[in-house]
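Heads up: the structure comes next, in structure tokens.
Each value in this text was obtained by applying a stated rule to the coordinates, not by laboratory testing. These numbers come from a predicted model, not from an experiment. Cβ placement follows ideal geometry from the backbone for every residue including glycine, while neighbour counts extend to all protein chains displayed.
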Amino acid sequence: MKKLILLILTFACMFCNAQINLVPNPSFEDTVSCPLVPNQVEKALYWSSYRPTPDYYNYCSSMQMGMTGVPYNFLGFQYPHSGDAFMGMIPYELTGPTYREYIGVQLLQPTIIGQKYFVTFYVNFNGTIGFTIAINKLGVALSTVSYSDLNPYPITNNPIAYSDSIYTDSLNWSKVQLSFVADSAYNYLILGNFFDDVNTDTLNLGIFNTHSYYYIDDVCLSTDSVYCSGVANFNEVINQDFSSLVKEIKINENNITIDFNKLYHHKSVVIYSYDGKLIYNIKTQLNEINIPTPSSNSIYLIYCTSGNIVYSKKIQILNK
């Protein structure tokens, strides 16, 4: 009977471990304090800069007039894939010697030698002037020791997993899915481009091409591919307007009508133009509100919140 109980507990434990995301604070929501200027990765709990100088963006920075706000920041305009925060880094630079920025984190438990692992994370191409070089080779390295700005992780041309795709979408978040078999008991995960310039493919998409820059969000490392995909897909669904907060949005020539779920009492609504201009900002307890339809033909972003529930939707106004 003891053997049977131990066997059951063993399989239960194996199942629990399979469901664990080994990356703490995977969407960078938990903060030590609010980032206000670039190069403050350490403001996100557990995360560090492993090679100078990646950036941390959080909605709280906008509230304090910081440069690293969400959705508007010193390099452009973007909502997180989920939640209120994301990271950003330069994985390639044209103008000087090989330049890379990395972020890293200590795993919740070491990897197991011989075990297959699955990685997902989301990237968004910045694409603003000066940052219009898209690249491939974004990936993951693992280490038994930590690194820092003063002791940077080397450019090895040999990460444990990477993507050959060149990510060019600056509007939507793109999912990176990787896998590997651990060959050591690694304690630290690192994100970036670990190849030198000769081994990195580039695509120039604008004028003044000097840098590549990508936002990063929702990092997952697990022994269960379904778990990582499930977490990523859930965040994607929330970010693509399927939250229970909003029942319906109707648009006509004169008004945008937002119909809220009656379960939520205190709501806020913010609308931005796609170039980052604030169009509308209101707090309400009403279950239905009418907002004047913007006068210019453009793409707009509606951002609704109630507590920690988030709803966002992109809309396009035509033929005004």
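With only Cα atoms counted, the chain has Rg and Dmax values of 21.2, 75 Å. Counting only aspartates and glutamates at least 8 places from Lys250 when in the same chain, those with an alpha carbon closer than 12 Å to its own are Asp259, Glu288.
Checking the Cα-Cα distances for Lys137/Lys313; Lys267/Lys313; Lys283/Lys313; Lys267/Lys314; Lys247/Lys267 against a 25 Å cut-off, the pairs over it are Lys137/Lys313. For helix 225-239, what angle does its Cα long axis make with the longest principal axis of the chain, in degrees from 0 to 90 and rounded to 10? Value to nearest ten degrees: 20.
Taking the inverse of the mean reciprocal distance over all distinct Cα pairs, the Kirkwood hydrodynamic radius of the range 30-175 comes to 16.3 Å.
Treating the Cα atoms of the range 246-317 as identical point scatterers in vacuum, please give the log10 of the normalised Debye intensity I(q)/I(0) at q = 0.28 Å⁻¹, two decimals. The calculated log intensity ratios at q = 0.28 Å⁻¹ are -1.49.
For the Cα atoms of the chain, what angle does the longest principal axis make with the long axis of helix 2-18, in degrees from 0 to 90, nearest 10? It works out to around 50 degrees. Take the Cα radius of gyration of the range 145-233 and divide it by 2.2 N^0.38 Å, N being the number of residues; the result is 1.25. Taking a Cβ cut-off of under 12 Å around Tyr50, the surrounding Lys, Arg, Asp and Glu residues balance to a net charge of -1, with basic ones at +1 and acidic ones at -1.
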